[in-house]
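Chemist: Encoded as structure tokens, here's the structure I'll be asking about.
Bear in mind these aren't lab numbers, they're just calculated from the coordinates by the rules spelled out. Just so it is clear, the model here is predicted, and its values are computed rather than measured. Because the Cβ atoms are built from the backbone with ideal geometry, glycine has one as well, and the counts that use them run over all protein chains shown.
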Amino acid sequence: MSLTLILFLIGILGFVFNRKNIILMLISIEIMLLSITFLILVSSISLDDIIGQSYAIYIIITAGAESAIGLGILVAFYRLRGSIAFENK
Amino acid sequence: MNLFNHTPILILAVPLLTAFLIPIIGKINKKTTGILATLALGLSLIMTIVLAAKVLSVGPQVYVFGEKSSLLTLPSGLKFPIRIMFQIDAMGIFMGLITALVSFLGAVYSLAFLDNKDKIDSYYSLLLLLTVSMFGMEFTGDLFNFFVFLEIASMASVSLICYRGADLGEPVEAGFKYMVVSSISALMVLFAVGIFYGEYDVLNIAAIASVVKYSQLDKIALGILVSVLAMKAGAVPMHMWTPDAYSEAPAPITMILVAASQASLYAIFRIVFSMYNITLNTLAVGWIIIILGLLSMFIGVTMAIIQKDIKRLMAYHAISQTGYMLLGVGVGLAVLANPEALKDYGITAMEGGIFHIMNHAMYKGLLFLTAGALFFRTGTRDLNKMGGLAHYMKYTTIFFIIGAAAIAGLPPFNGFASKLLIYESVYKFNPLLSIIAMVVSILTLASFVKVFHSAFLGPKLPQFKEVKEVPRSMVFAMAVLSCIIIFFGLFPDLIVKNLVHPAVMSLIEQLQYTGTVLGGM
């Protein structure tokens, strides 16, 4: 549980204190998803129930699809704006 | 016929299969993709009505994927056999009816709304996927299954919001904002799922309901789930994505997004009522939901009055009406542990809140479709540039008047019925809440009078000289919604007694929910 919380906090801090570009935001979301996958895997081992491993595979699949869509939007954004830095209007 | 036993999965399978067939058929002929999608959604609508008749007469239905009984011999390494179930009770089929109707009318409207660009097959494919995910969220009885359908819904709706983004920047920005919000909400739902799995080793909602204690970890999970699903539904401290996403999406997609937000609202109610029920401190959690509702109502309508863009204005009104639903059900939750107050006004408050969900989907959908019709003919969403359109678009004007009267709560339309239920019962709980609700209703009327005057009244403007009425499929979709609004307004008693009251009782009585799953095990 403490591994989960530490990784989750790293992800949240990376998401919030991000001033450089948008890809760091997507990476932080991936780190948070990874931390919860660890929580489910560790619970699966300590409860001796194999279905936790199937849940972890489902989470990895879903996270991959979501990253694909996020990066697709990022590419569209880049084509229209010219850069992926945050703007100060 | 044996097919009737399989309606729960056919309602999801037919649009899902069509969603994957459409890109293949689209390579041959693009125009038939729209008709195919509409047929698939029409079939889903018919099957949902059949399933509704079965659920309301027989009782909650359970549909199991996996092992037929939980007592079969297990392969090694598994504690329980793998069974994912759909559990459809009166509340689930209520939301399912809304989803089926709204998606079917959205597809009919899209037949004429989209120009024949070259991305039309991906549009219909994503629309069908969004519908499948909404049905999944409303029918499922398993928390992890809910997370998967929530993710499918967010991905499909993000792609649909960016539909016009090939040469404009704003839809892409709105889509990106919505993607970040929905990623964080899916993440937090997953965190709560992880907590439940680590604590109880089951993820079936009914199974958790029978073993849940209100420990510290459960409180954390409840807090996460309520706040994050309220963020997805558009409640106020977390509502920033709603105006951008609703205004930049194409008009039929906005109507379906409203139904998707209400599916998240349904998830809050399902978790709070069927999973925790009396084990939690109902007064505290009820007041939190009431305060979320009050903030949403008030801030939504005051931000709406000053908007110039017609769809942004309607999006802020969607936030405000979500507040009414949270208020009604919050009052019901706050008195859940108190039997006389529950029978006196708690059930009526919940009936008002839940009836308001259906009414809101109908009249907000109608208003977004009329805004889409205006955009289709005039090319602009800015109220300052429109004027005098009632001379040219007579049907659209009538539909707009019906929608605006319904949202303001004027008597022969359905908004009045659900708002009256909410006012009466919330007054007995705490008079101040009812007074705030009435003030918000008056401000809603004021802002729609403003929109009507700017867009429709006034002299004929020269730049709109060739504006005609919108095509027939769009008029058909708007007409069906108007007829339903008038019917619900004239006979609200029929709907409340047959549809809404069973839904409310299936939420309140947790034993009915768990009994159908665990008793049949």
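Chemist: Work out the charge dipole of region B:281-490 with +1 on the Cβ of Lys and Arg and -1 on the Cβ of Asp and Glu about the Cα centre, then indicate which of B:451, B:363, B:490 is farthest towards its positive end.
Modeler: B:451
Chemist: How long is the gain from residue A:75 to residue A:38 if the chain were fully straight, where each residue apart is worth 0.36 nm and the alpha carbon distance is subtracted?
Modeler: Details: separation 37, 0.36 × 37 = 13.32 nm, distance 3.02 nm.
Here the segment from residue A:75 to residue A:38 would lengthen by 10.3 nm.
Chemist: Kindly provide the Kirkwood hydrodynamic radius of region B:402-475 in Å, to one decimal, from all pairs of distinct alpha carbon atoms.
Modeler: When all Cα pairs of region B:402-475 are included, the Kirkwood radius is 14.8 Å.
Chemist: Projecting each Cα onto the charge dipole of region B:1-279 (Lys/Arg +1, Asp/Glu -1 at the beta carbon, about the Cα centre), which of B:240, B:64, B:96 comes out farthest on the positive side?
Modeler: B:64
Chemist: Could you give the length gained by full extension between residue B:35 and residue B:6, i.e. 0.36 nm per residue of separation minus their alpha carbon distance, to one decimal place?
Modeler: 7.9 nm
Chemist: Which value in deg cm²/dmol, rounded to the nearest 500, describes the helix-derived mean residue ellipticity at 222 nm for the protein assembly as shown, given -39,500 (n - 2.57) per DSSP H run of n ≥ 4 and division by the residue count?
Modeler: Computed ellipticity for the protein assembly as shown at 222 nm equals -25000 deg cm²/dmol.
Chemist: Right, next: Over all distinct Cα pairs, what is the inverse of the mean 1/r for the protein assembly as shown, reported as the Kirkwood hydrodynamic radius in Å? Let's see the in-between values first.
Modeler: Details: mean 1/r = 0.0406 Å⁻¹.
About 24.7 Å for the protein assembly as shown.
Chemist: Which FRET efficiency value, to the nearest 0.05, do you get for residue A:13 and residue B:13 by plugging their Cβ-Cβ distance into 1/(1 + (r/R0)^6) with R0 = 51 Å?
Modeler: With R0 = 51 Å, the Cβ-Cβ based efficiency is 0.75.
Chemist: With labels modelled as points extended 7 Å from the Cα through the Cβ direction, what inter-label distance (nm, one decimal) is found for residue B:466 paired with residue B:65?
Modeler: Inter-label distance under the simple model: 5.1 nm.
Chemist: For residue B:280, what is the net charge nearby, where nearby means another residue's Cβ is under 15 Å from its Cβ and Lys, Arg count +1, Asp, Glu -1?
Modeler: On the way: positive: B:213, B:219, B:270; negative: B:218.
With Lys, Arg at +1 and Asp, Glu at -1, the neighbours total +2.
Chemist: If you wrap a convex hull around the C-alpha atoms of region A:1-50 and split its volume per residue, what is the figure in Å³? Could you put the intermediate results ahead of the total?
Modeler: On the way: hull volume 2.3 nm³, N = 50.
Taking only Cα atoms, region A:1-50 has a hull volume of 47 Å³ per residue.
Chemist: Work through the residues other than residue A:33 whose Cβ is under 12 Å from its Cβ and net out their charges, Lys, Arg +1 and Asp, Glu -1.
Modeler: -3
Chemist: Oh, and also: What is region B:1-279 by shape, rounded, prolate or oblate, if you read a ≥ b ≥ c off the alpha carbon gyration tensor as root eigenvalues and call it rounded for a/c under 1.5, prolate for a/b larger than b/c, and oblate otherwise?
Modeler: oblate
Chemist: Using a simple charge model, +1 on the beta-carbon of Lys and Arg, -1 on the beta-carbon of Asp and Glu, nothing else, what dipole does chain B show about its Cα centre, in debye to the nearest 20?
Modeler: I would put it at about 1080 debye.
Chemist: How large is the Rg to Rh ratio of chain B when both quantities use alpha carbon positions and Rh follows Kirkwood?
Modeler: Numbers: Rg = 22.3 Å, Rh = 23.2 Å.
So for chain B, dividing Rg by the Kirkwood Rh gives 0.96.
Chemist: If you take all C-alpha pairs in chain A, what percent of them are over 17 Å apart? Let's see the in-between values first.
Modeler: On the way: 2260 of 3916 pairs.
I get 58 percent for the Cα pairs in chain A exceeding 17 Å.
Chemist: Further question: Would you calculate the separation in nanometres between label points at residue B:83 and residue B:344, each defined as 7 Å from the Cα along the Cα-to-beta-carbon direction?
Modeler: The answer from the label model is 4.2 nm.
Chemist: Quick one: dipole size for region B:382-472, taken about the Cα centre, charges +1 on Lys/Arg Cβ and -1 on Asp/Glu Cβ, in debye to the nearest 20.
Modeler: Dipole about the Cα centre, nearest 20: 200 debye.
Chemist: How big, in percent, is the set of alpha carbon pairs in region B:111-246 lying more than 17 Å apart?
Modeler: Details: 5936 of 9180 pairs.
Tail of the P(r) past 17 Å holds 65 percent of the pairs.
Chemist: Using Cα centres only, tell me the gap between region B:165-193 and region B:311-345 in whole Å.
Modeler: 26
Chemist: Work out the length of the dipole vector of region B:281-490 about its Cα centre, built from +1 on the beta-carbon of each Lys and Arg and -1 on the beta-carbon of each Asp and Glu, and round it to the nearest 20 debye.
Modeler: Dipole magnitude for region B:281-490 comes out near 880 debye.
Chemist: May I pose another question? Set Lys and Arg Cβ to +1 and Asp and Glu Cβ to -1, take the dipole of the protein assembly as shown about its Cα centre, and tell me which of B:279, B:186, B:461 lies farthest positive.
Modeler: B:461
Chemist: Using a/c under 1.5 as the rounded threshold, could you call region B:344-438 rounded, prolate or oblate? The axes a ≥ b ≥ c are square roots of the C-alpha gyration tensor eigenvalues, and prolate needs a/b larger than b/c, oblate otherwise.
Modeler: Numbers: a/c = 3.17, a/b = 2.73, b/c = 1.16.
Prolate, because a/c is 1.5 or more and a/b exceeds b/c.
Chemist: Determine by what factor the alpha-carbon radius of gyration of region B:170-224 differs from 2.2 N^0.38 Å, reporting the quotient.
Modeler: After normalising by residue count via 2.2 N^0.38 Å, the value is 1.49.
Chemist: Scan region B:250-297 for chymotrypsin sites (Phe, Trp or Tyr not before Pro) in coil per DSSP, keeping those whose Cβ has at most 12 other Cβ atoms within 10 Å, and list them by number. Spell out each step's value before the answer.
Modeler: Details: sites: B:266, B:269, B:273, B:276, B:287; in loops: none.
Those that pass, being in a loop and sparsely packed, number zero.
Chemist: Before anything else, pin down the relative contact order of region B:1-279: Cα pairs under 8 Å, at least 6 apart, normalised by residue count, whole percent.
Modeler: In percent, rounded to a whole number, it is 19.
Chemist: Follow-up. Based on Cα coordinates alone, diagonalise the gyration tensor for region B:266-418, multiply each eigenvalue by 5, take square roots, and list the semi-axes in whole Å, largest first.
Modeler: Whole-Å semi-axes of the equivalent ellipsoid: 36, 15, 11.
Chemist: If you don't mind, there's one more thing I want to ask. Measure up B:311/B:450; B:419/B:450; B:117/B:385; B:385/B:460; B:119/B:394 against 24 Å on the Cα-Cα distance and list the ones that go over. Kindly include the intermediate steps, with their values, before the conclusion.
Modeler: Working: B:311/B:450 14 Å; B:419/B:450 22 Å; B:117/B:385 27 Å; B:385/B:460 13 Å; B:119/B:394 32 Å.
Long pairs (Cα-Cα over 24 Å): B:117/B:385; B:119/B:394.
Chemist: Roughly speaking, what is the centre-to-centre gap between region A:12-75 and region B:229-294 when only Cα atoms are used, to the nearest Å?
Modeler: Comparing the Cα centres of region A:12-75 and region B:229-294, I get a distance of 24 Å.
Chemist: Work out the FRET efficiency for residue A:20 and residue B:170 from their Cβ-Cβ distance, taking R0 = 22 Å, and round it to the nearest 0.05.
Modeler: 0.40
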